[in-house]
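The structure appears below as structure tokens.
Please treat every number below as a calculation from the coordinates, not as lab data. Predicted model only: the values in this text are computed from it and were never measured. Cβ atoms come from the backbone with ideal geometry, glycine included; neighbour counts cover every protein chain shown.
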Amino acid sequence: MRVRRYIEFINEEFNETPETYIESALNQLKRKIDKMFDFQEDNEDYPVDGEQATPEKIKKISKNDDKMSFKDLKVKLESSEVSKYSKLYDSLTVKFTDDSATYSLIFMIDIKEGIPKDKEKDFDITDIEKCYVKFKKYDLDTFEVIGQISKNIKLKDVDEDFLIELKIELDDKFDQGEEFEIETE
């Protein structure tokens, strides 16, 4: 019988579970997005020239200013929650509203993204690169879906400018402008 030493068993590599890495990445993204809405705590009243923010006004503001913010768009954060209940996709759901609609932004990360590709290299949450984004726009009165866009993106590209561009793209694509009516006598 051969006597084995304890050191022989310690040499194997240990990593966290993919779910742990993905949860950490989603929590980091949640804090990043929550920080974009810090202006709400400072000032609850944030009009854009005292009027409703329309896509035309948003484009005009973006051309005049260097950077646009959610404060300029009169967007208020309603909630942001991490969900870990799916077996394949953990997600972050962010809900916010403006004067004309409410929005639901869902970031989903596949479980495969949390598995190390290189066995020799230490895995970190920054190694999680891709995620799927589903962005929905709802009517404020009826909560019917007005429009939806979805994309595969890189997680590192998510910042305030990216989210604002996504919102403007959705608003332009599914604009609920005034309906054309003809009056007759």
When the Karplus curve 6.51 cos²θ - 1.76 cosθ + 1.60 is applied with θ = phi - 60°, which whole-Hz ³J(HN,Hα) does each residue of the stretch 103-115 get, with x for Gly and Pro?
10, 10, 10, 10, 9, 10, 10, 5, 4, 5, 5, x, 9
Two pseudo-spin positions, 7 Å from Cα along C-beta at ILE153 and at SER24, lie apart in nanometres by 2.3 nm
Can you give me the Cα centroid spacing of the stretch 94-129 and the stretch 134-155 in angstrom?
17 Å
I'd like the Karplus ³J(HN,Hα) series for the stretch 166-174: coefficients 6.51, -1.76, 1.60, θ = phi - 60°, whole numbers in Hz, and an x wherever there's a Gly or Pro.
5, 5, 5, 4, 5, 5, 5, 5, 10
